[in-house]
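Before any comments, here is the structure.
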2 protein chains.
Amino acid sequence: MKQLSTGGIETLSLRALARELGVSHAAPLRHFSTKADLLQALAMDGVTQMIGSTAAATEELCGLERLRRMAEGYVEWARNNPAYHMVLRNPDVMRHASDALRQTLEDFARVQRKEIEVAQAQGWRSEERPQVLFVHLVALMAGSAIVATDPIYKAPVAQLLQPGDIDASLELFLRMPED
Amino acid sequence: MKQLSTGGIETLSLRALARELGVSHAAPLRHFSTKADLLQALAMDGVTQMIGSTAAATEELCGLERLRRMAEGYVEWARNNPAYHMVLRNPDVMRHASDALRQTLEDFARVQRKEIEVAQAQGWRSEERPQVLFVHLVALMAGSAIVATDPIYKAPVAQLLQPGDIDASLELFLRMPED
DNA sequence: CACCTCATGTAGACACCGACAACATACCCG
DNA sequence: CGGGTATGTTGTCGGTGTCTACATGAGGTG
């Protein structure tokens, strides 16, 4: 159906894609009726892959540890798939997300909320309101991925940002209080 | 020179801009030699304004309280200036940021790092490495602004996200441990 | 005043793009 | 066999960024 991320991309153009595949300029429109459709498909693909390499890979864990590994895995996925990550960062793409994409993201959020509950039952920040922890987690994951990948955020930190710093930052939030 | 944000925008086009101003299609190129130049100017404008309404407005504060107000102010600014915020979120724009823009951001980061030092001296997370706190702060601010403004992040939280939740989330990090 | 220069605006052209329509081809299934 | 569906092709349209050549006017200098 499609071989994505053929080259390091993101001046994506349907016509360039057609050229790359050696087909006529309008051929891609048979598969994606509009350019937004293509980006939708890429976003869905990216989200599926991201969830596959975070939530699924931590299925045997639970509670706080699972949350930490999920967050670390998310940042690592963003690092390893900058093209997909850029698509997911694009507000214009996500604003018109399909119902299926929204549903997938909601399922992912549900897992996070469930594990927050478990972690709280295990004594992690048990006095906090769960939705505040959830918002914090989501913001921290999204922001850490950006800091880890976007050159403009790397610049102000320059050499100061050592390899493990982002994981250490995630752990500031995702660790037991008595550690 | 320019009246920006004439309408709620971000299918920005030099020709549309020219039409809006009642000039010929190539006139804007006299002021911004390329479209990327225009976005650069917008980004610089946005960053200047953002810093003006956060760092400057908290000048009389210091340490932890200043950091908290800066973070809250940043999120509020993003909420109130979605168009500017979208420009600053765009990786393609920021990747080619001018030296002046980089310098401005670096100055902003310097203030944050200084206040982190002050806060640590006041007993806030004094055992942590400063750069880890800095990375955490930057990620949290960037992520919170996105969660606060991007519909795709609002959706999974739905009505669960109450007005004060994001501030409460920021406070999870930016508060004294004994509170 | 004459003259030059620079900033600004204009018109035209080019290549690229997304999208649409009309037509061709091939394949599957009743 | 025959028709429908999926896929691809060519051609076209309007829109866009950018370049070039040309106009015009303001300001300063001789």
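Observations, loosely collected:
- Calculation over all alpha carbon pairs of the stretch A:43-173 in 10 angstrom steps from 0 returns a P(r) of 12, 42, 34, 12, 0 percent.
- Within a Gaussian network of chain A (alpha carbon springs, distance under 10 Å), most fluctuating of A:Ala139, A:Ala41, A:Ala16: A:Ala16
- Calculated mean residue ellipticity at 222 nm for chain A: -20500 deg cm²/dmol, from DSSP H runs with n ≥ 4 weighted as -39500 (n - 2.57), summed, divided by the residue count and rounded to 500.
- Length-normalised contact order of chain A in % [C-alpha pairs under 8 Å, at least 6 apart]: 24
- Charge tally in the Cβ shell below 15 Å around B:Ala26, where Lys, Arg are +1 and Asp, Glu are -1, B:Ala26 excluded: +2
- Pairwise FRET efficiency - B:Arg79 versus B:Glu59, Cβ, R0 = 25 Å, nearest 0.05: 0.70
- Applying Stokes-Einstein at 25 °C and 0.890 mPa s to the Kirkwood radius of the protein assembly as shown, computed over alpha-carbon pairs, gives a translational diffusion coefficient of 113 µm² s⁻¹.
- Full-stretch length increase - B:His31, B:Ser98 - with 0.36 nm per residue and alpha-carbon distance subtracted: 22.5 nm
- The charge dipole of the stretch B:14-173, taken about its Cα centre with unit charges on the Cβ of Lys, Arg, Asp and Glu (plus for the first two, minus for the last two), comes to roughly 580 debye.
- For B:Met176 and B:Glu106, the FRET efficiency from 1/(1 + (r/R0)^6), where r spans their Cβ atoms and R0 equals 30 Å, is about 0.60.
- When the Gaussian network model of chain B links Cα atoms closer than 10 Å, the mean-square fluctuations of B:Thr11, B:Thr54, B:Thr34 top out at B:Thr11.
- Comparing B:Ile51, B:Ile116, B:Ile152 in a Gaussian network model of chain B where C-alpha atoms under 10 Å apart are linked, the largest mean-square fluctuation is found at B:Ile152.
- Cβ-based charge dipole, chain A, positive-most Cα from A:Ala18, A:Ala168, A:Met44: A:Ala18
Where a number appears in this text, it was derived from the coordinates with a stated rule and is not lab data. This one's a predicted model, so the numbers in the text were calculated from it and none came from an experiment. Virtual Cβ from ideal backbone geometry, glycine too; neighbours counted across all protein chains shown.
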